[in-house]
There are 2 protein chains.
Amino acid sequence: MNIFEQIPKDLKEEVFETILSSEKLSIERIISHGQSSPLSGWYEQEKNEWVILLQGEALISFESKEDVTLVAGDYLHIPTLEKHRVAWTQPNVVSIWLAIKY
Amino acid sequence: MNIFEQIPKDLKEEVFETILSSEKLSIERIISHGQSSPLSGWYEQEKNEWVILLQGEALISFESKEDVTLVAGDYLHIPTLEKHRVAWTQPNVVSIWLAIKY
């Protein structure tokens, strides 16, 4: 299995795919294609998340700290309940994320 | 922080760096530079491991199944106690792994 392959053709919405799911953690591939989170809302997750952008470019906003720009290879940790949203992903390019939630 | 940057200069031995460590899981960056595991021994870990090769090329051998060749983006799951070794990594290229142990 390769993280850069088998990209779905329909990318009108962001695609969330579970690669691994266990009691202790989940590993997801997220594919964005110019999408951003709904302007109206923040993600506020009950789990900790470690996320790495493996392809593309993105901007993540946080409610209580500065925006973070991500290029391929950049990773960050988003603790439980830290409000964040994907403010921007590169248009015309498939952005590929790997997210570990635990 | 970027997974492809800040590569140590001394790569005579494989480099293991802990990115995140919690009760439930650890996330490690492993950097190989032509190394392979000692011929004499197998890795036989008490934890499950999900590993993705992000740069370079490698060959993993298993005691009880066929070898797996990995190129950038390839991932695999190595269950607890499955005996395996890194039989080969590309020489003259820095191979970068991300390993999630849980």
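The values are calculated or read from the model by the stated rules, or taken from the named source; none is laboratory data. Computed from a prediction, not measured in an experiment: that's the story for all the values here. Every residue, glycine among them, receives a Cβ derived from its backbone with ideal geometry; neighbour counts consider all protein chains shown. In case anyone asks, the SASA skips ligands and DNA or RNA and just uses the protein heavy atoms, side chains included. Shrake-Rupley method; radii C 1.70, N 1.55, O 1.52, S 1.80 Å.
Within segment A:1-18, restricting attention to residues that are of a type in the set (A, V, I, L, M, F, W, C) and free of Cβ contacts under 8 Å to residues at least 24 places away in the same chain, the residue that is nearest to B:V51 (Cα to Cα) is A:M1.
Kindly establish whether B:T69 is assigned to a strand (DSSP E or B) and without any contact (Cβ under 8 Å) to a residue 40 or more places away in the chain. Considered against the rule, which asks whether it is assigned to a strand (DSSP E or B) and without any contact (Cβ under 8 Å) to a residue 40 or more places away in the chain, B:T69 comes out as yes.
Scanning segment A:85-102 for residues that are in a strand (DSSP E or B), away from chain B (no Cβ under 14 Å) and open to solvent by 10 Å² or more (accessible area, probe 1.4 Å) returns A:R85, A:V86, A:A87, A:W88.
Taken together, the criteria exclude A:Q55 from residues that are within 13 Å of chain B (Cβ to nearest Cβ), loosely packed, with under 12 Cβ neighbours inside 10 Å, under 24 Å from B:I100 (Cα atoms) and not charged (D, E, K, R). Restricting attention to segment B:43-52, the residues that are over 13 Å from the mean Cα position of the chain (by Cα) and open to solvent by less than 10 Å² (accessible area, probe 1.4 Å) total 0. For segment A:58-81, the tally of residues that are crowded, with 16+ Cβ neighbours inside 10 Å and closer than 16 Å to A:V93 by Cα stands at 4.
Reported count of residues in segment B:27-61, each being in a strand (DSSP E or B) and either touching a Cys at 6+ places or on another chain (Cβ under 7 Å) or modelled with pLDDT of 90 or more (or both), is 18. Within segment A:8-24, count every residue that is part of a loop (DSSP other than H, G, I, E, B) and either surrounded by fewer than 14 Cβ atoms within 10 Å (Cβ to Cβ) or over 16 Å from the mean Cα position of the chain (by Cα) (or both). Count: 8.
Restricting A:G41, A:G73 to residues that are away from chain B (no Cβ under 11 Å) and not basic (K, R) narrows the list to A:G41.
Only one of the numbered conditions (1) within 12 Å of chain A (Cβ to nearest Cβ); (2) modelled with pLDDT of 95 or more is violated by B:K24, and that is (2).
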